[in-house]
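Visitor: Quick one: the structure is below, questions incoming.
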Number of protein chains: 2
Amino acid sequence: MTSGADILCDTLLANGVDVCFANPGTSEMHFVAALDRKPQMRCVLGLFEGVVTGAADGYARMADKPAVTLLHLGPGLTNGLANLHNARRARTPIINIVGDHATYHRKYDSPLTSDIESLARPMSHWFRSIAGAGDIMRDTNEAFAAARDGRAVATLVLPADAAWETVPAPDIFAAALMPQPPVPDAMVTTVASAIGAGRRVTFVLAGNALRAAALPHAARLAALDKVEVRAQATSGRMERGGDRLPLRRIPFQVDAAIAELADTQMLVLVGATEPVAFFAYPGKKSRLVAEGCEVVTLASQEQDLVEALCVMADAAGAPKKALSQVKGDMPDLPAGALNGDAIAAAVAKLLPENAIVVDESVTSAPRFYDASLAAAPHDYLALTGGSIGIGMPLSVGAAVACPDRKVVALQADGSGMYTLQALWTQARERLDVVTIILANRTYNILQHEMRNVGVEDFGVNARRMLNLDDPTLDWVGLARGMGVKAISASTSEEFTACLRSALSERGPFLIQADL
Amino acid sequence: MTSGADILCDTLLANGVDVCFANPGTSEMHFVAALDRKPQMRCVLGLFEGVVTGAADGYARMADKPAVTLLHLGPGLTNGLANLHNARRARTPIINIVGDHATYHRKYDSPLTSDIESLARPMSHWFRSIAGAGDIMRDTNEAFAAARDGRAVATLVLPADAAWETVPAPDIFAAALMPQPPVPDAMVTTVASAIGAGRRVTFVLAGNALRAAALPHAARLAALDKVEVRAQATSGRMERGGDRLPLRRIPFQVDAAIAELADTQMLVLVGATEPVAFFAYPGKKSRLVAEGCEVVTLASQEQDLVEALCVMADAAGAPKKALSQVKGDMPDLPAGALNGDAIAAAVAKLLPENAIVVDESVTSAPRFYDASLAAAPHDYLALTGGSIGIGMPLSVGAAVACPDRKVVALQADGSGMYTLQALWTQARERLDVVTIILANRTYNILQHEMRNVGVEDFGVNARRMLNLDDPTLDWVGLARGMGVKAISASTSEEFTACLRSALSERGPFLIQADL
């Protein structure tokens, strides 16, 4: 006989899942006890659930396999939902395990009871509450397959009695691979015909279409006349730098995006969704493509996007090998006053080979993306769902997945405060992360948006809601308080020196860049 | 003509709401602009939404009127849900305003879109999404009435276009008071008959039944033969200390609660819900009352609980005035090693008249409640829904509501890390809060629960998930990093000296008590 909790652990291990990002509670104690019996599973504690889910996202983006969380009941889940929202938008494969009361106990509505399904559904592609220990292997494998093959956030609810119940030990096996839906020939032909007819075609890439294996095919398409290739505004992971195809992104700003897409007659989505305005504004359009532009989906995230681009390039008569692209020069190291551009230049210039860049700089270093087109080859992880507070947790997960690669996080201060507890996990796990806090001491994006709605002179209430300068946050103190080495810089020269020093060491390091 | 956002502000002000706990985003900018035109509204920024909702809870508990929040879309809401869960369990009146995309923009599923209703419903008693500016005054008044008269968490969704749309300016009026449902005579008679017949009757009090005005009537009932009066295990606000009726609470621990209620033949709920086990455990009961015990509801939270107790005491033939109760002596000031009991004794002894105690000490100072039975008169605010991370936000709200009263927060370290951003708001608003961090550097409650499930020797994974000691959190550094004065104490004498010093000053102050 074996407990449901042990079956869950064993099924995860059989599927190659050996890291669990966790913040458990009483209802999960039998599962914790089972995890404690499996030292081959690495349990990583976050002191807040937003750290747990954001770390799971970063881990799965970099490990190329599903990540697992462990959360405590409805409130623990809610604390993790904002970063699950980002993971859902990134199509990151996550098995999100939420402990629940014993099934028979739910009807008593004890204080920690809430409707977990209603809370979980909006941020989950897949949801199931386990009925009993006898179902755990099947349910876990289905959750795993949904996550891996469907690129889903799969929420699996584990009631306490399903965890503690014992049943005859099953033969544990892993989830079968679900076949990928093929890319329809008809769509390939349609797009190829449009290209052949000289229509202006723009491909928008996301997901695996932004990985190194896909980029040579994207480059072939980009070499065709009147064909443009763009990256989605934000994506979970891009492999870029070095001699990889430099890709411009669909702009975040509505007018810029509309202008950029004005001439496009056919928009072809490859793992992407149709670009729309991030927010609505009075008198501005929600859709960004021009009237009459045809929008088609070549392939979706659960399909083989590398194959889709290859087949598409062949059908469109693209050259077998594209010419190298002009990327512009690398920026010089900055001097003088410290600002976002200086930081962007310094990071791009000094970025070590094979680094992982986590970018939640928001408004503070908007030119980093362009400045780093020709930087050393690196992975670039972005904020995908607009829910701030992802950067430092994402860094945790990326560093756990790739212990031999340096993680460099560009972190806006306002967003950083959402999940600063991640620094403690960085220290606890000795993760090789350099966090750069872009300390502008405002919700700068909102000050910009206030001006967009016509407010130029801020009164007391606007200042009280949009400025973070009273009191000033001391990130050096905050980082040290959680066991992370930290230093501040207020000129470009100081910053460059700090960055060199941080990059030369191993382990977590925080630089407060005073803007 | 006036905007929907202005109508919303004016309707809140007409209802006496003049504080808004906020963390806005782009979709709320028209509302922020409207708030900026009303300097009579005090906007209090939290750097994380769990601070915002917890502060709203603390404010409404102490101000005796609804609090208002302002949150940004689904993810902003989710970050605030854990503390809304606690507020819902406390039956705290809150108007929880959530900004949404413009109604016409929702269908484009832009990156920050999610199903707000599905997310909000589990933690809201009342929910509405505003259709347009013309409905805002009505909807706001209905939300306000639901919150105030129904003691509800009322979630009101404000789409961006409803905020920016302009309509003819309405005559603004406040919500009419909804009549309270009367306490049924039949139930009073039933309970009085049971008492008259010599049955063992236990009253369980919550909500306004724990306020000063209700306690003399509760004392009259407690003077009757075979009648016990208890407080619910946790409640939003208790007025206690001084010569107020000392009330024992229904124990948290299952076996203790079952033992305590074993003899009760009739359990009478006055604003309370039936006590049940907080968690299920194998082989233990979920219900705490004995088999055959009759459970009846004398009055619910939306009724007049003071009147209910008064009528009940009269009908049961209780004395017009009850004798004073024995409370035991005040503890002495502690000496020597610092532990939870020493802190409980010192705080109880030195508590200033009319203080507000916020207790999220969890396992660290379990005897504070009893040690403070005879302390100076004070209000006692507890964690009501079991969702940790409420203490420091609750302190923010209580201090905003009662600027002339000292707030003393007993804060466990693990729970405190959930919403430590509240310290920044304490500094920004110059709030008179003394936070005592009970630094035991573990999830102690979970270590206890692990032993409950039979695990005595913790392996690597259990230690990695239940200990907070690697690295050690430096709360002094964390507090100073957010602008709060802080100091640490490691003996009882040091702690007492720190506490005296903190109590003698105004403004936020944190003491890290090394246990």
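Visitor: Treat every Asp and Glu Cβ in chain A as -1 and every Lys and Arg Cβ as +1, leave all other atoms uncharged, and give the resulting dipole magnitude about the Cα centre to the nearest 20 debye.
Guide: In total the dipole reaches around 600 debye.
Visitor: Peptides A:264-273, A:505-514: what's the order by average Cβ count within 10 Å, highest mean first?
Guide: A:264-273, A:505-514
Visitor: For residue B:157, what residues show an amide H to amide H distance below 5 Å, using hydrogens built from the backbone and excluding near sequence neighbours?
Guide: Result for residue B:157 returns B:98, B:128, B:129, B:130.
Visitor: Please average, across the residues of B:158-169, the number of beta carbons from any other chain that are within 10 Å of each residue's own beta carbon, and give a whole number.
Guide: Averaged over the peptide's residues, the number is 1.
Visitor: In sequence order, what are the phi-derived ³J(HN,Hα) couplings for region A:122-127 according to the Karplus relation 6.51 cos²θ - 1.76 cosθ + 1.60 with θ = phi - 60°, rounded to whole Hz, with x for glycine and proline?
Guide: With the stated coefficients, region A:122-127 comes to x, 9, 10, 7, 9, 8 Hz.
Visitor: Oh, and also: Taking a point 7 Å out from Cα toward Cβ as the label site, list the nm distances between residue B:168 and the same residue in every other copy, smallest first.
Guide: 7.8
Visitor: Another question, then. Using only the alpha carbons of region A:442-489, determine the length spanned along each of the three principal axes and report them from longest to shortest in whole angstroms.
Guide: Sorted largest first, the three principal extents are 44, 18, 17 Å.
Visitor: Distances from residue A:471 to the same position in the other copies: list them in nm, one decimal, shortest first, using label points 7 Å from Cα along Cα→Cβ.
Guide: Listed shortest first, these distances are 2.0 nm.
Visitor: Could you tell me which residue out of B:473, B:403, A:366 lies farthest along the dipole of the protein assembly as shown toward its positive end? Charges go on the beta carbon: Lys and Arg +1, Asp and Glu -1, centred on the Cα centre.
Guide: B:473
Visitor: Explain nothing, just compute: Karplus ³J(HN,Hα) = 6.51 cos²θ - 1.76 cosθ + 1.60, θ = phi - 60°, for every residue of region B:485-494 in order, whole Hz, x for Gly and Pro.
Guide: Rounded to whole hertz, the list is 4, 8, 7, 10, 9, 10, 10, 4, 5, 4.
Visitor: Go through B:128-136, A:252-260 and give me the packing order, highest mean Cβ count within 10 Å leading.
Guide: B:128-136, A:252-260
Visitor: Let me ask something additional. Let a ≥ b ≥ c be the square roots of the eigenvalues of the Cα gyration tensor of region A:2-86; is it rounded (a/c under 1.5), or, if not, prolate (a/b larger than b/c) or oblate?
Guide: Oblate, because a/c is 1.5 or more while a/b does not exceed b/c.
Visitor: With a 1.4 Å probe on protein heavy atoms only, work out how much accessible surface B and A bury together, total over both chains, in Å² to the nearest 100.
Guide: The B and A chains share an interface burying roughly 8300 Å².
Visitor: Accessible area per residue for region A:287-345 in Å², computed with a 1.4 Å probe and the full protein assembly in place, what is it?
Guide: On the way: 3030 Å² over 59 residues.
So region A:287-345 comes to 51 Å² accessible per residue, rounded to a whole number.
Visitor: Within 10 Å of each Cβ in peptide B:448-460, how many partner chain Cβ atoms are there on average? Round it to a whole number, please.
Guide: Working: counts 2, 9, 7, 1, 2, 10, 3, 6, 0, 1, 3, 6, 6.
That average works out to 4.
Visitor: Next question. At 1.4 Å probe size, with the rest of the protein present, what percent of the exposed accessible area of region A:19-161 is carbon and sulfur atoms?
Guide: Ligands and nucleic acids excluded, carbon and sulfur reach 47 percent.
Visitor: Related question: Taking beta carbons within 10 Å but only from partner chains, what does the mean come to for residues B:111-124?
Guide: Mean shielding by partner chains, rounded to a whole number: 6.
Visitor: Pairs of Cα atoms under 8 Å, at least six residues apart: use those to get the relative contact order of chain B, whole percent.
Guide: That works out to 15 percent.
Visitor: Could you tell me which residue out of A:53, B:286, B:131 lies farthest along the dipole of the protein assembly as shown toward its positive end? Charges go on the beta carbon: Lys and Arg +1, Asp and Glu -1, centred on the Cα centre.
Guide: Value computed over the given set: A:53.
Visitor: Which value in deg cm²/dmol, rounded to the nearest 500, describes the helix-derived mean residue ellipticity at 222 nm for chain B, given -39,500 (n - 2.57) per DSSP H run of n ≥ 4 and division by the residue count? List each step's numbers first, then the result.
Guide: On the way: 20 runs with 189 residues, N = 515.
Per the formula, -10500 deg cm²/dmol.
Visitor: Roughly how big is region B:1-136's charge dipole about its Cα centre, with Cβ charges of +1 (Lys, Arg) and -1 (Asp, Glu), in debye to the nearest 20?
Guide: 340
Visitor: Could you list, bin by bin from short to long, the percent of Cα-Cα pairs of region A:310-383 in 5 Å steps?
Guide: P(r) over region A:310-383, rounded to whole percents: 3, 14, 21, 18, 14, 10, 9, 7, 3, 1, 0.
Visitor: Please give me the summed charge of the neighbours of residue B:359: other residues whose Cβ is under 13 Å from its Cβ, Lys and Arg +1, Asp and Glu -1.
Guide: Values: positive: B:61, B:237, B:240, B:249, B:367; negative: B:360, B:370, B:379.
Summing Lys and Arg as +1 and Asp and Glu as -1 gives +2.
Visitor: At 0.36 nm per residue, and after removing the present C-alpha to C-alpha distance, how many nm does the segment from residue A:199 to residue A:186 gain when stretched out fully?
Guide: Value of the extension gain: 2.9 nm.
Visitor: So what are the ³J(HN,Hα) numbers for region A:501-508, from phi and the Karplus equation (6.51, -1.76, 1.60; θ = phi - 60°), rounded to whole Hz, Gly and Pro as x?
Guide: Couplings: 5, 5, 6, 7, 9, 9, x, x Hz.
Visitor: Follow-up question, since we're still on this one. Taking Cα centroids, how far is region B:338-369 from region B:236-286 in Å?
Guide: Region B:338-369 and region B:236-286 have Cα centres spaced 21 Å from each other.
Visitor: Just order B:199-208, A:415-424, A:111-120 by mean Cβ neighbour count inside 10 Å, highest at the front, would you?
Guide: With the highest mean Cβ count within 10 Å placed first, the list reads A:415-424, B:199-208, A:111-120.
Visitor: So, one more: Report relative contact order for region A:382-504 in percent, whole number only (criteria: Cα-Cα under 8 Å, sequence separation at least 6). It would help to have the intermediate numbers written out before the result.
Guide: Numbers: 131 pairs, mean separation 28.0, N = 123.
Relative contact order comes out at 23 percent.
Visitor: Also, quick follow-up: Give the residue list of trypsin sites (Lys or Arg not before Pro) in region B:264-360 that are DSSP loop and have at most 11 other beta-carbon atoms within 10 angstrom. Kindly include the intermediate steps, with their values, before the conclusion.
Guide: Values: sites: B:284, B:285, B:287, B:320, B:321, B:327, B:349; in loops: B:284, B:285, B:320, B:321, B:327.
Within region B:264-360, the qualifying trypsin sites (Lys or Arg not before Pro) (loop, at most 11 other Cβ atoms within 10 Å) are B:320, B:321.
Visitor: Oh, and also: Kirkwood Rh, region A:377-515, all Cα pairs: how many Å?
Guide: Numbers: mean 1/r = 0.0630 Å⁻¹.
After inverting the pairwise mean of 1/r, the radius is 15.9 Å.
Visitor: Report, for residue B:506, each distance to the same residue's label point in the other copies, shortest first and in nm; define the point 7 Å along Cα→Cβ.
Guide: Those separations, rounded to one decimal, come out as 5.4 nm.
Visitor: Amide H of residue A:248: which non-local residues (sequence gap of 5 or more, or other chain) have their own amide H closer than 5 Å, using H built in the peptide plane?
Guide: So residue A:248 has HN proximity to A:231.
Visitor: Let me ask something else about it. With the cut-off at 22 Å, tell me which of the pairs B:226/B:284; B:226/B:321; B:65/B:406 have Cα atoms farther apart than that.
Guide: Distance filter (> 22 Å) returns B:226/B:284.
Visitor: May I ask you to compute the full-extension gain from residue A:304 to residue A:18, defined as 0.36 nm times their residue separation minus their alpha-carbon distance, rounded to one decimal in nm?
Guide: Contour length minus Cα-Cα distance gives 100.4 nm.
Visitor: Separate question: Could you work out the Kirkwood radius for the protein assembly as shown, taking every pair of different alpha carbons, averaging 1/r and inverting it, reported in Å?
Guide: About 29.8 Å, per the Kirkwood formula over Cα pairs.
Visitor: Same structure again: When a/c reaches 1.5 or more, the comparison of a/b and b/c decides; with that in mind, is region A:110-184 rounded, prolate or oblate per its Cα gyration tensor? If you can, show how the numbers build up before the last one.
Guide: Values: a/c = 4.35, a/b = 1.26, b/c = 3.47.
Cα axes put region A:110-184 in the oblate bin.
Visitor: Determine the dipole magnitude for region A:256-354: charges of +1 sit on the beta-carbon of Lys and Arg, -1 on that of Asp and Glu, nothing else is charged, the reference point is the Cα centre, and the result goes in debye to the nearest 20. Walk me through the numbers on the way to the answer.
Guide: Details: 7 positive and 13 negative charges, 41 e Å.
With only Lys, Arg, Asp and Glu charged at Cβ, the dipole is about 200 debye.
Visitor: Working out 0.36 nm times the residue gap between residue A:463 and residue A:335, then minus their Cα-Cα distance, what length gain in nm do you get to one decimal?
Guide: 42.9 nm is the gain from fully extending residue A:463 to residue A:335.
Visitor: Classify chain A from the C-alpha gyration tensor, please: rounded if a/c falls under 1.5, else prolate or oblate depending on whether a/b exceeds b/c. Each step should come with its number before you reach the end.
Guide: Values: a/c = 1.66, a/b = 1.19, b/c = 1.40.
Judged from the Cα gyration tensor, chain A comes out oblate (a/c at least 1.5, b/c at or above a/b).
Visitor: Next up: For region B:274-430, compute Rh as the Kirkwood radius over C-alpha pairs and then the Stokes-Einstein diffusion coefficient at 4 °C and 1.567 mPa s; write the answer in µm²/s, rounded to an integer.
Guide: Rounded, D is 69 µm²/s.
Visitor: Please list, or write none, the lysines whose alpha carbon is within less than 19 Å of the alpha carbon of residue A:285, excluding same-chain residues fewer than 8 places away.
Guide: Result set, ordered by chain and number: B:107.
The values are calculated or read from the model by the stated rules, or taken from the named source; none is laboratory data. Values in this document were obtained by computation on a predicted structure and should not be read as measured data. Every residue, glycine as well, gets a Cβ built from its backbone with ideal geometry; the counts of neighbours run over all protein chains shown. Ligands, DNA and RNA are excluded from the accessible area calculation, which covers all protein heavy atoms including side chains. Shrake-Rupley method; radii C 1.70, N 1.55, O 1.52, S 1.80 Å.
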